[in-house]
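**Student:** The structure follows.
The values are calculated or read from the model by the stated rules, or taken from the named source; none is laboratory data. The structure presented is a predicted model; accordingly, all values stated were derived computationally and were not measured. As a convention, Cβ positions derive from the backbone with ideal geometry for all residues, glycine included, and neighbour counts pool all protein chains shown. When the accessible area is computed, the model is the full protein with side chains, heavy atoms only, and any ligands, DNA or RNA have been set aside. Shrake-Rupley method; radii C 1.70, N 1.55, O 1.52, S 1.80 Å.
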Amino acid sequence: MNDLWSIRRRLFASWFLMLILVSVVVYWSANVVVERSLREGQDRNLQAVAQVILDSAVKIDTVIEFELPYQAFEVLAYSAPERIYYAVSVDTQHLSGYRDLPRPEASVNAFGALYRGEPTRFYVGSKPIFPGSTERLRVVVGQTETSYQTESTTIAVWIAVAVLVAFTLLALWAEFSLRHALKPVIEIENDLGSRAAGDFTPIIRQVPSEVARLVQTLNRTFDKHRGLLEENRAFIAQATHQIKTPIAAILTRAELLEKEVEERSRDSVKDLIVRARYASKLATQVLLRATITYREIVGVREQFDLTTLVSSVLRTMDPSAEIKEVGLTLLSPEDTPVVLDGDRIAIREAITCLIDNAIEYTPALSDIEIEVYETDNEACVSVMDRGPGFTIDIAQLSGFDTSKKDPSHVGLGLAIIERVAKSHGGRLTISSREGGGSQCVLSFAVS
Amino acid sequence: MRFVVCCVLITLSFQAKCLEIEGEFFVGDAPNQIVVIGTADFSRVQPVFAGFVSEQKELQVRYLQMSSREIDRAVRSGLSPDIDLVMSSAVDLQVRLVNDGYAKAFEPGLAADSGWRGELVQYSLEPVVTIFNVARLVGFERVRTRRDLARFLERSSGRSLRLTLYDPDVSGVGYLLSRQDLVQDEHFWSLLDVFSAQHLEPNCCSGDMIDRVINGESDLAYNVLESYVLPRLEDAPNLKILRFDDYQLAIPRTAFIPKQADGPESANKLVRYFVSEEGQNRLAPGVRLDVIQANRKGGPIKPIRITPALVVHLDDMNRRRFFQRWNRSVQDP
Amino acid sequence: MRLLLVEDTQDLAVVLLKHLRQSGHTVDHAPTLKLAGGLWSSEKDAYDLIILDIELPDGLGTSLLKEVRASDVAVGVLVLTARSQIEDKVYLLDVGADDYLTKPFSLDELDARLRAVKRRHISKPVVTQSVGPLSYDPTNRTVWIGSDQLQLRSQELKLFESLIDSNGWSASKEYLFDRLYGLDQDASANAIEVHVSRLRGKLVDHGLEIEAVRGYGYRLRYRLDE
């Protein structure tokens, strides 16, 4: 099931993505911010030097004198092991320093430029030579900024790493808290997982408010299911009862009538009896099927001895067999228990159905033999008769087979048996017997 | 002793550059040459080179002794790729060359502590002292600081003492030291004024100034390289050293690999040897890097800081202004 | 037999009473649980068998069933139920019903089950006729081996009786056929053989043997006689 996904994995994926994204953004913005602040600092230093030079400038006669402040330059040089440049000029006349320093593109004071192959920051300051003069003294101070860039990158990397570490810690914490927070949900999951199939009791453990609604909904659903099941069963029981009571009266009256009516009417009374019996049987089976479905959902299980069960069934079946003069023989010794874990009542009904079928279809005076035995992993009940044999495909034993002409040969019997077998990990095998008749083996899985 | 060779050095310069060389020396006789140009007297660096080639048997050191200005000129006009290392005591020029991009980086870690940008390495430190003729200067023992010196000279105004110091116009080191004095001591100009009030005769070199004091031509020489003085003390009983209590300057000797140099590995080896304990031990005791921690008389040593700020000292305009002021002190007493 | 019929459905009760009385039984009828309880407790030993409907207007028949089983009286109880819920049936058997009949039922089945239930609750009689190790009680028409009843079906019992009633424990086929089926019943010719073979199977463990007598019929023999 590849399309199963985990909340944790999803969170982690998004978290990881976020981590990368945040790191990149942090690195990038830190770089920008740090570089800008370093550059601003550098610009201020350059400006200070330029300003000192400008302030020191005086014009004596025709000579412009100014001072190149050693200490100011030293301070500038102290900040980073960078090359420093300067130039002093009046208008276009170069007075001192480096002649080939770049000029700013516009009227900006601070600018960066590539000078002698290195990124360099320059500051240009100027002032009139004396107040009101059109001649302007211009001072350019420059400093390479390689180490500033390296430094800003280093700082940005450190910040990014710090953020990365912080986020990783956060992620670990998130993982921890997620696990912690999901614990009640997992507990509910375990609770549901370990529940018996038909356990519709509400979940009563303390749950966090976030999943309280979920649990409420679950409990409501449980309630509804249980209610529906019960209702359904009650309805079928009621319906069956309602159908069967009048049939019972008809049947009983018909039977009495059979003995009293004249010869020529007797056949139609008999037919009436057969059909009434069939209707009654169908009603019984509908109820049986509903009951078995219910029990299956509810999942009733107990340990019992299959041999004892079978012999008890045989005892109750014996009168029916006796009417037909059919022999019922249990071949297995009654003191050899075959222990089975399952729904005793459903299995009892299945076996009853099976033997009932056998009695029904086996000719009068023949014998039905029943055997209970155990294989490696199955407990089996084998019913052997001398009936006409089964012509029905077991795979189609899921409902009414209305194609049969003889109404008594129709029913849910085999479908019910199959269902019980399946719900116990077993199956119904029908095979023909040598010399006529069939053998039905009903097996159940033994854990 | 100075001889000038203006020639086409076939092995060095294919671009037919004239190098003004003060001396050419070889250490070792291995076929692979490492060419060093430097300002130091060969005798001072020879033991280190010797130690180096004894370790690196496949290398021969070829040392070209030149003035710092000549080195500056040569580097700026484009060096031959054969030159592997430039060693100089003119730290301001060295720094400017590095600042202007004439150097390439040493291997990592080599220039970390005592250099700049990983391109300039300090391999030696030369303290600067003042020397005097003890016979001529009576009561000079009490002079401990430059202020003491100024007061002493003022009191001795009638005696016309003969003083000498580096002529900054002639000597790069002299200019560097004077600028550094100005950085350290705002009263330097007044000290110079006091000097001028006596008989002041600026000089080109430490050696000459020591000679003059020993000969009795000068009574006091201000700012002399200590390493030149120490060997002379024994033979000159009147020669005494004054190590000021306020501060003592020291000149770092530095080296860099020229940008054009094509085999930086041997230069790296050589410099690594220079700063190693063994290399340092082969230097004269007073010029080792650890001299700053050495237990010696006088005040704190203030080595000239290796900083690109030194570049401004070399500015033409700045120089011009310096010399205007210098000349006012020196020529108009 | 004397029976107590507890059945509230009037139609069915009338039919059953008619049938049972025709069959020669003495039947008391109680349409309610209360009346049934009264009848039973006044004459506990009088009844051989109780036919008990479960759904009665004034309660469930199971309460009477429990009351009967709580007493020492050995009386058969055949339960009639219309509900036919399988759990109910098993429950009824568990609380002491001898058998049950789900409505509707055929009168034949009722008779067969009545006989079976009755047989189960007959205690060892005083007057018996010995047949080898077995003893036959002509009053209640039961066969005993020691203190246990030998479960014989109606036809088998008739066959057994026919044989032990005859001289030398032998009888002709025709005679047996008449005894078993009467003149008006049509049965297949080999029916006698089938029942003989079944009876033989039930007797053989006790040393009794039914021998076929060629051209005549059958003879019952006790092996230890030889």
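**Student:** Read through the list (1) open to solvent by 40 Å² or more (accessible area, probe 1.4 Å); (2) within 17 Å of the chain's Cα centre (by Cα), then give the number of the only condition that C:THR32 fails.
**Tutor:** (2)
**Student:** If you don't mind, another one. Any chance you could count how many residues in the stretch B:72-94 are under 11 Å from the mean Cα position of the chain (by Cα) and either free of Cβ contacts under 8 Å to residues at least 24 places away in the same chain or part of a strand (DSSP E or B) (or both)?
**Tutor:** Looking only at that region, the number is 2.
**Student:** I've got another one for you. Restricting the first residue to the stretch C:188-211 and requiring it to be more than 10 Å from chain A (Cβ to nearest Cβ), which pairs with a second residue that is of a type in the set (A, V, I, L, M, F, W, C) and open to solvent by 70 Å² or more (accessible area, probe 1.4 Å) meet a Cβ separation below 7 Å and a spacing of at least six or different chains?
**Tutor:** Cβ pairs passing all conditions: C:GLY207/C:LEU224.
**Student:** Then there's this: Within the stretch A:100-119, is even one residue farther than 30 Å from B:VAL121 by Cβ, touching a residue at least 40 places away in the same chain (Cβ under 8 Å) and of a type in the set (Val, Ile, Thr)?
**Tutor:** no
**Student:** Right, something else. Please specify each residue of the stretch C:39-69 satisfying the condition of being part of a loop (DSSP other than H, G, I, E, B) and within 20 Å of the chain's Cα centre (by Cα).
**Tutor:** C:TYR47, C:ASP48
**Student:** Exactly one of these conditions fails for A:GLY112: (1) within 14 Å of chain B (Cβ to nearest Cβ); (2) under 60 Å from the mean Cα position of the chain (by Cα). Give me its number.
**Tutor:** Only one criterion in (1) within 14 Å of chain B (Cβ to nearest Cβ); (2) under 60 Å from the mean Cα position of the chain (by Cα) is unmet by A:GLY112, namely (1).
**Student:** Within the stretch A:235-267, count every residue that is open to solvent by 80 Å² or more (accessible area, probe 1.4 Å) and at the interface with chain C (Cβ under 7 Å from one of its Cβ atoms).
**Tutor:** Residues meeting the conditions: 1.
**Student:** Kindly indicate whether any position in the stretch C:159-171 is within 14 Å of another protein chain (Cβ to nearest Cβ) and at negative phi. So that I can check it myself, show each step before the final result.
**Tutor:** Residues of the stretch C:159-171 that are within 14 Å of another protein chain (Cβ to nearest Cβ), as a first pass: C:159.
Remaining after also requiring at negative phi: C:159.
Yes, the stretch C:159-171 has at least one match.
**Student:** Could you list, in sequence order, all residues of the stretch C:40-61 that are buried (at least 20 other Cβ atoms within 10 Å of the Cβ) and either more than 19 Å from A:THR316 (Cβ to Cβ) or of a type outside the set (Gly, Ala, Ser) (or both)?
**Tutor:** Correct list: C:TRP40, C:TYR47, C:ASP48, C:LEU49, C:ILE50, C:ILE51, C:LEU52, C:ASP53, C:ILE54, C:LEU56.
**Student:** Quick check on my filter: what residues within the stretch B:172-182 are closer than 14 Å to B:LEU314 by Cα and open to solvent by 10 Å² or more (accessible area, probe 1.4 Å)?
**Tutor:** B:GLY172, B:VAL173, B:ARG179
**Student:** Can you tell me which condition A:GLY389 does not meet? The list is (1) modelled with pLDDT of 60 or more; (2) open to solvent by 30 Å² or more (accessible area, probe 1.4 Å), and all the others hold.
**Tutor:** Going through the list (1) modelled with pLDDT of 60 or more; (2) open to solvent by 30 Å² or more (accessible area, probe 1.4 Å), A:GLY389 breaks only (2).
**Student:** Within the stretch B:36-50, is even one residue in contact (Cβ under 8 Å) with a residue 60 or more places away in the chain, charged (D, E, K, R) and over 27 Å from B:ASP290 (Cα atoms)?
**Tutor:** no
**Student:** Please state which of the following conditions B:PHE323 fails to meet, knowing it meets all the rest: (1) more than 30 Å from B:HIS199 (Cβ to Cβ); (2) open to solvent by 20 Å² or more (accessible area, probe 1.4 Å); (3) within 14 Å of chain A (Cβ to nearest Cβ).
**Tutor:** (1)
**Student:** Continuing with this model, one more query. Answer with yes or no whether B:GLN33 is over 14 Å from B:ALA255 (Cα atoms), open to solvent by 10 Å² or more (accessible area, probe 1.4 Å), among the polar types (S, T, N, Q) and part of a strand (DSSP E or B).
**Tutor:** Numbers: over 14 Å from B:ALA255 (Cα atoms): yes; open to solvent by 10 Å² or more (accessible area, probe 1.4 Å): yes; among the polar types (S, T, N, Q): yes; part of a strand (DSSP E or B): yes.
It is true that B:GLN33 is over 14 Å from B:ALA255 (Cα atoms), open to solvent by 10 Å² or more (accessible area, probe 1.4 Å), among the polar types (S, T, N, Q) and part of a strand (DSSP E or B).
**Student:** Still on this structure, I have one more. In the stretch A:110-134, how many are at pLDDT below 85 and open to solvent by 60 Å² or more (accessible area, probe 1.4 Å)?
**Tutor:** Residues meeting the conditions: 4.
**Student:** Further question: With (1) in contact (Cβ under 8 Å) with a residue 60 or more places away in the chain; (2) within 10 Å of chain C (Cβ to nearest Cβ); (3) more than 24 Å from A:ALA415 (Cβ to Cβ); (4) not basic (Lys, Arg) as the list, and A:ILE292 as the residue in question, which single condition is left unmet?
**Tutor:** (3)
**Student:** If we keep just the residues of the stretch A:310-331 that are over 26 Å from C:SER188 (Cα atoms) and crowded, with 20+ Cβ neighbours inside 10 Å, which is farthest from the other protein chains (Cβ to nearest Cβ)?
**Tutor:** A:VAL310
**Student:** Could you check, for the stretch A:217-234, whether at least one of its residues is within 14 Å of another protein chain (Cβ to nearest Cβ), polar (S, T, N, Q) and buried (at least 17 other Cβ atoms within 10 Å of the Cβ)?
**Tutor:** Checked the stretch A:217-234: no residue is within 14 Å of another protein chain (Cβ to nearest Cβ), polar (S, T, N, Q) and buried (at least 17 other Cβ atoms within 10 Å of the Cβ).
**Student:** Further question on the same structure: Out of all the residues in the stretch C:1-29, which are open to solvent by 30 Å² or more (accessible area, probe 1.4 Å), among the charged types (D, E, K, R) and within 14 Å of chain A (Cβ to nearest Cβ)?
**Tutor:** Passing the criteria: C:ASP8, C:ASP11, C:LYS18, C:ARG21.
**Student:** Exactly one of (1) part of a helix (DSSP H, G or I); (2) within 14 Å of another protein chain (Cβ to nearest Cβ); (3) open to solvent by 30 Å² or more (accessible area, probe 1.4 Å) is unmet by A:VAL161. Its number?
**Tutor:** Among (1) part of a helix (DSSP H, G or I); (2) within 14 Å of another protein chain (Cβ to nearest Cβ); (3) open to solvent by 30 Å² or more (accessible area, probe 1.4 Å), the lone unmet condition for A:VAL161 is (2).
**Student:** Having 2 or more residues that are of a type outside the set (Ser, Thr, Tyr) and more than 17 Å from the chain's Cα centre (by Cα) is the bar; report the helices (runs of 4 or more DSSP H) wholly within the stretch B:222-329 that clear it.
**Tutor:** Here the list reads B:264-275, B:277-281.
**Student:** Can you run down the residue pairs with Cβ atoms below 6 Å, 6 or more apart or on separate chains, where the first is in the stretch C:36-57 and in contact (Cβ under 8 Å) with a residue 40 or more places away in the chain and the partner is small (Gly, Ala, Ser) and assigned to a helix (DSSP H, G or I)?
**Tutor:** C:LEU52/C:GLY61; C:ASP53/C:GLY61
**Student:** Would you tally the residues in the stretch A:164-215 being assigned to a helix (DSSP H, G or I), open to solvent by less than 100 Å² (accessible area, probe 1.4 Å) and of a type outside the set (D, E, K, R)? Break it down into steps so the answer makes sense when it comes.
**Tutor:** Let us first name the residues in the stretch A:164-215 that are assigned to a helix (DSSP H, G or I), namely A:164-193, A:209-215.
Next, from what is left, pick out any that are open to solvent by less than 100 Å² (accessible area, probe 1.4 Å): A:164-168, A:170-171, A:174-175, A:177-178, A:181-182, A:184-188, A:190-193, A:209, A:211-212, A:214-215.
Among the residues that remain, those that are also of a type outside the set (D, E, K, R) are: A:164-168, A:170-171, A:174, A:177-178, A:181-182, A:184-186, A:188, A:190, A:192-193, A:209, A:211-212, A:214-215.
The number of residues fulfilling the criteria is 24.
**Student:** Then there is this: What do you reckon, is B:VAL138 among the β-branched types (Val, Ile, Thr), modelled with pLDDT under 90 and under 30 Å from B:LYS104 (Cβ atoms)?
**Tutor:** no
Residue-wise test of (1) assigned to a strand (DSSP E or B); (2) farther than 21 Å from B:SER68 by Cβ; (3) more than 23 Å from the chain's Cα centre (by Cα).
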{"position": "B:ASP148", "(1), (2), (3)": "no, yes, yes"}
{"position": "B:SER178", "(1), (2), (3)": "no, no, no"}
{"position": "B:GLU186", "(1), (2), (3)": "no, yes, no"}
{"position": "B:PHE195", "(1), (2), (3)": "no, yes, no"}
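**Student:** Here is a follow-up. Could you tell me how many of the residues in the stretch C:106-138 are at the interface with chain A (Cβ under 9 Å from one of its Cβ atoms), over 13 Å from the mean Cα position of the chain (by Cα) and in contact (Cβ under 8 Å) with a residue 12 or more places away in the chain?
**Tutor:** Here the count works out to 1.
**Student:** Residues in the stretch A:75-97 that are surrounded by fewer than 17 Cβ atoms within 10 Å (Cβ to Cβ), within 24 Å of B:ASP100 (Cα to Cα) and not polar (S, T, N, Q): how many? Working first, answer last.
**Tutor:** Filtering the stretch A:75-97 for residues surrounded by fewer than 17 Cβ atoms within 10 Å (Cβ to Cβ) gives A:75, A:78-79, A:91-94.
Filter once more, so that each one left must be within 24 Å of B:ASP100 (Cα to Cα): A:75, A:78-79, A:92-94.
From the residues that got through so far, the ones that are not polar (S, T, N, Q) too are A:75, A:78, A:94.
Final tally of qualifying residues: 3.
**Student:** Out of everything in the stretch C:177-187 that is of a type in the set (A, V, I, L, M, F, W, C) and within 14 Å of another protein chain (Cβ to nearest Cβ), what residue ends up being most open to solvent (accessible area, probe 1.4 Å)?
**Tutor:** Looking at the filtered set, the residue picked out is C:PHE177.
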